[in-house]
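Worksheet for the structure shown next.
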Amino acid sequence: MARYLIRRLNLFLATSFVLFIVMFMATTKFPVDRTVALTGIQSPTAQELSVINQDYRLSSNSISQFVAYLEQRLSGNLGISTTSQNPVIDELSTVLPASFELGFFAGFLALLFGIPLGVLASLSNNKITQHTIMAITLTGYSIPVFWLGLTLSLWFGVRLGWLPISGQINLLYEIKSVTGFLLIDTLLSNSKYAISAFIDALHHIILPAVTLAILPFTVVVRITRSAMIAIMEKTYIKAAEARGLVTSTIVLRHALPNAFIPVLKNLGLMLGAFASYAIVVEVIFSWPGVGAWLVSGIYQRDYTVIQGGILAVALIIIFLSILIEVMHTTLNPISRKELYASN
């Protein structure tokens, strides 16, 4: 197992190294001065130019420049935003928690509703129920996320007025950031309006989370259904039925844990698409996350923000993909058997 983990770590490092190479090459293609692309300082003084040349070794060869670029980025120096003149790393640390909160909430909704519907579609003998569930998932998978977000905003936000359509919380509430996750911070707050703030934050996250959850929800339903159909035909399931165990016990204790393994694997494979959808959702609902921050940087031609946002999103996707692969291997008995056999 240790050898396998070392291989996954090497994969993460190699992939990240290629990502840094691509970003370094991109800095030479931006339609601005190289120093601006690297640091965000638009009109550097002679002293600042000297420091930039020394830090990034701009007078050296390309390999030396890349090593210097790598050192600066790994040390947390992502430059400053040309728009706000604030360090990019500080802005990134401010917007990342909001994106994580939205992503976790959307993933929770997808699993909460997707797994039961997938199980129902696999166990139901009613063809109408099966076809209805699969038609819903196919429709959800086919709907463009921007159209769905705008439609939900129009109906539930504008016409019915049930839910807010922008922002993360009402500006009247002042919640001190503790964890960075607003739903948790409202509960940890000592304010007498903490519960009201929590409910308000919950109302704000519903529409963007539902919009973002549609894609993983449809995948979870379809994969769960296929896995359950295959598992219910296994010998150990037939043996459990022969011993007189009720269907609910067989499903919950024997079939569903094994059916979750391919669901987990497919969730790892769709992280890239999930991140792309999240960026669109954040822009539609003015959610203060990495996606909206990155798109704003693109509009304003803030090249340090663009680099910082792309680096952060790509590294997170790479890390989570490898983490889910490790979890899949750990939970899957067949993968563990093959792993130990190879060792």
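The values are calculated or read from the model by the stated rules, or taken from the named source; none is laboratory data. All figures in this text were calculated on a predicted structure; none of them were measured in a lab. Don't worry about glycine lacking a Cβ; one is built from the backbone with ideal geometry, like all the others, and counts go over all protein chains shown. Surface accessibility is based on the protein's heavy atoms, side chains included, excluding ligands, DNA and RNA. Shrake-Rupley method; radii C 1.70, N 1.55, O 1.52, S 1.80 Å.
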Please state the equivalent ellipsoid semi-axes for region 227-274: what are the square roots of 5 times the Cα gyration tensor eigenvalues, largest first, in whole Å? 28, 9, 6
Simple spin-label estimate for Leu138/Leu171, 7 Å along Cα→Cβ, in nm, reads 4.7 nm
Treating the beta-carbon of each Lys and Arg as +1 and of each Asp and Glu as -1, no other charges, what is the dipole magnitude of the chain about its Cα centre, to the nearest 20 debye? 1340 debye
Rounded, prolate or oblate: which fits region 200-325 when a ≥ b ≥ c are the square roots of the eigenvalues of the alpha-carbon gyration tensor, with rounded for a/c under 1.5 and prolate only if a/b beats b/c? prolate
Alpha-carbon Rg with Dmax, taken over region 147-224, Å: 14.8, 45
Based on the alpha-carbon gyration tensor of the chain, what equivalent-ellipsoid semi-axes (square roots of 5 times the eigenvalues) come out, in whole Å, largest first? 42, 29, 17
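For region 1-133, state the average projected area of the convex hull of the C-alpha atoms over all orientations, rounded to one decimal in nm².
14.1 nm²
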Highest mean packing first, using Cβ neighbours within 10 angstrom, the peptides 119-127, 217-225 sort as 217-225, 119-127
Not counting the cut sites, what is the longest span of the chain without GluC sites (Glu not before Pro) that DSSP labels loop and that have at most 14 other Cβ atoms within 10 Å? 1-173
Between the residues Thr28, Ile115, Pro216, the Cα farthest towards the positive end of the dipole of the chain, that dipole coming from +1 and -1 charges on the beta-carbon of Lys, Arg, Asp and Glu, is from Ile115
Note down the nm distance, to one decimal, between modelled labels 7 Å out along Cα→Cβ at Thr249 and at Trp155. 4.3 nm
Taking the Cα centre as origin and putting +1 on Lys and Arg beta-carbons and -1 on Asp and Glu beta-carbons, what dipole magnitude results for region 237-338, to the nearest 20 debye? 460 debye
Going Cα to Cα from Lys234, which lysines come in below 23 Å? Please leave out same-chain ones fewer than 8 positions away. Lys127, Lys265, Lys337
Computed over region 32-93, Cα set: Rg, Dmax in Å: 11.5, 33
For peptides 270-276, 37-43, sequence by mean Cβ density within 10 Å, most packed first: 37-43, 270-276
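For region 229-294, with every protein chain kept in place, what is the accessible area per residue (1.4 Å probe, Å²)?
Spelled out: the 1.4 Å probe surface of region 229-294, per residue, equals 50 Å².
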